[in-house]
Each structure stands twice: as C-alpha cells, then as structure tokens.
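One structure is given below, encoded as structure tokens.
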C-alpha cells in the first residue's frame with residue numbers, strides 16, 4: 001500500500017489515513033488506488049469491526065482530484081486521442097464509494113479540514129461524520145467544469161434536499177462546519193484540537209458494538225431510501241430475524257437482565 005494512505009488495525013478498528021498533507025490530501029492515482037485497496041481490505045477483514053477514515057495535517061481532509069496530475073494526464077490524452085484520464089471515476093472513485101457504503105461495518109469520517117469534490121463524496125458516504133470546527137465543505141465540481149462524482153449526486157440531496165443540493169452543485173461555495181451541522185451534513189462538530197481523540201473514540205465505540213446489528217441498520221437505511229414502505233417492512237423483518245439470531249443479541253439481553261454492560265463479540 002502506498003505511503004500516501006496509512007492503514008492500521010487495533011482492537012477491531014481499522015484507521016485509514018489519507019497522507020498527502022503537503023497537497024491538501026488531493027487524490028493522485030497512487031493515492032486513489034491505495035485508498036480503494038485499504039477500504040476493500042478493511043471491508044473483507046473479519047477482525048475489523050469498524051473503520052475510521054481521516055487525513056493527515058490540519059488544513060484538509062481531502063480536496064478531491066489532484067489537478068496538477070490531472071492536467072498532465074489530460075494533455076497526454078489530447079496528444080494520443082485517448083480519454084483514459086476520466087476512467088478514474090470507474091476505476092477508483094466508484095469502487096471507493098461502494099467499499100464505504102457496502103461494507104457490513106460502520107465507517108466514521110473524521111473530517112479535519114476542507115472536504116471538497118471527491119473528498120466531500122468520501123465524507124458523505126460514511127455512516128457518521130465528526131468534524132473539526134475549522135472544517136469546511138465544497139462541491140467544487142462545477143468550478144472546474146465537471147459534473148458530480150464520488151456519489152455526491154446521490155448522497156447530498158438525501159442529506160439536505162434536492163433544492164439545496166442543486167444550489168451547492170451549480171454554485172459551489174465553502175460551507176463552514178457550523179452551517180454544515182445546521183443543515184444535517186455532519187453529525188458532530190468538535191474543536192479542531194480535539195478531533196483526533198473524539199473521532200477515534202466514536203469509531204472505537206462502534207467497533208466494540210454489535211457489528212451485525214450495525215451492518216443491518218446500514219443495509220436497512222440504504223434499502224429504505226430506494227423502496228416503498230411495504231418493501232422496507234419486509235426487509236426489516238428479514239434483517240431483524242438475522243439480528244435476533246446473533247450472538248450479540250443474546251449477549252445484550254443477558255447483560256440487560258444481569259444489569260451488566262454487554263461485551264459484544266461482533267457476530
């Protein structure tokens with residue numbers, strides 16, 4: 001895995017850190033591939049029960065595409081008549097988004113600074129967003145004559161409504177953390193100096209929780225967003241039957257009766 005993405009697993013929590021602070025954690029090809037592979041690895045590892053996605057430095061979570069590399073690649077495309085540069089959506093961004101949203105375990109985004117373009121998409125795809133009070137959000141795409149990718153056209157309107165999403169996509173601007181919280185874009189805002197500890201605490205709490213129940217909640221929310229109430233009720237029945245048969249459910253019930261704190265095993 002490239003050193004532009006750091007990967008660490010401890011006590012069931014995989015911490016994935018985008019590590020290009022000198023470039024505001026912009027996505028060059030090596031970083032996109034490494035982030036994709038780290039997320040896929042975390043999703044497939046049965047020892048991982050939760051993921052914290054964060055970034056190095058204090059200026060940016062991720063400003064999206066590395067435009068310096070992008071410009072060089074576009075020039076090469078013009079010379080050879082290829083459109084290979086834009087295949088990055090299919091090869092990198094789409095798999096990254098699917099890895100975050102489809103893994104059967106919670107993903108926390110610890111947003112330490114600017115989240116723009118694809119960086120915004122990564123943050124919005126997470127199940128829980130805890131952000132520094134100095135962080136900000138920007139769609140950015142139209143500002144460089146591009147359309148939305150990294151799932152933003154799906155996640156953004158579901159969080160803040162079609163009208164606001166269209167406004168931010170057509171007229172990109174920086175949304176400070178406090179405003180993002182008021183709109184429901186983020187779950188929690190903390191002082192910047194406290195973000196690393198707070199984000200890790202939230203992620204560790206989820207990593208030590210009832211993993212199968214969290215996976216079912218994640219699946220249920222995604223399903224309900226696209227299906228009727230009747231269909232969603234059927235899905236809830238299916239998922240609740242699975243959760244009710246889990247070891248963690250038995251542990252929780254027994255702990256409740258014994259007036260003890262449950263110690264979940266993640267299955």
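Given a Förster distance of 22 Å, report the FRET efficiency between residue 8 and residue 222 from their Cβ-Cβ distance, rounded to the nearest 0.05.
Efficiency, rounded to the nearest 0.05: 0.20.
Roughly speaking, what is the stretch gain from residue 237 to residue 145, that is 0.36 nm per residue apart minus the C-alpha to C-alpha distance, in nm to one decimal?
Stretched out fully, the residue 237 to residue 145 stretch lengthens by 28.6 nm.
How far apart, in nm, are two points set 7 Å out from the Cα along the Cα-to-Cβ line at residue 197 and at residue 94?
It is 4.4 nm.
Over the C-alpha atoms of the range 1-155, what are the Rg and the largest Cα-to-Cα span, Dmax, in Å?
Gyration radius and largest Cα-Cα distance of the range 1-155: 15.0, 50 Å.
Compute a Gaussian network model of the chain, connecting alpha carbons closer than 10 Å, and tell me which residue from 195, 185, 239 fluctuates the most.
Answer for the Gaussian network model of the chain: 239.
Calculate, axis by axis, the spread of Cα positions in the chain along the three principal axes, and write the results as whole Å, longest axis first.
Between the extreme Cα coordinates on each principal axis of the chain lie 69, 41, 37 Å.
For the chain, what is the mean residue ellipticity at 222 nm derived from helices alone (per DSSP H run of n ≥ 4: -39500 (n - 2.57); sum divided by total residues; nearest 500 deg cm²/dmol)?
Taking each H run of at least 4 residues, the total per residue is -14500 deg cm²/dmol.
Calculate the FRET efficiency for residue 158 and residue 78 from the Cβ-Cβ distance with a Förster distance of 35 Å, rounded to the nearest 0.05.
Calculated transfer efficiency: 0.40.
What FRET efficiency do you get for residue 229 and residue 256 if R0 is 25 Å and r is their Cβ-Cβ distance, rounded to the nearest 0.05?
Efficiency computed from Cβ-Cβ geometry: 0.25.
Tell me, in nm to one decimal, what length is gained between residue 30 and residue 265 on full extension, where the rule is 0.36 nm per residue of separation less the Cα-Cα distance?
Length gained, residue 30 through residue 265: 81.1 nm.
Could you check which residue among 160, 96, 16 shows the biggest mean-square fluctuation in a GNM of the chain with a 10 Å Cα cutoff?
Ranking 160, 96, 16 by mean-square fluctuation puts 160 first.
Taking the chain as a Gaussian network, Cα atoms linked when under 10 Å apart, which of 139, 211, 71 shows the biggest mean-square fluctuation?
Judging by the Gaussian network model, the answer is 71.
Tell me, what is the percent relative contact order of the chain, built from C-alpha pairs under 8 Å that lie six or more residues apart?
Computed over the chain, the figure is 17 percent.
Kindly give the semi-axes, whole Å and largest first, of the ellipsoid equivalent to the range 147-267, taking each as the square root of 5 times a Cα gyration tensor eigenvalue.
After scaling each eigenvalue by five and taking roots: 33, 23, 10 Å.
Here, each number is a calculation from the coordinates, and none is a lab measurement. The structure displayed is predicted, hence computed values, not measured ones. Heads up, the Cβs are rebuilt from the backbone with ideal geometry, glycines too, and the neighbour counts pull from every protein chain shown.
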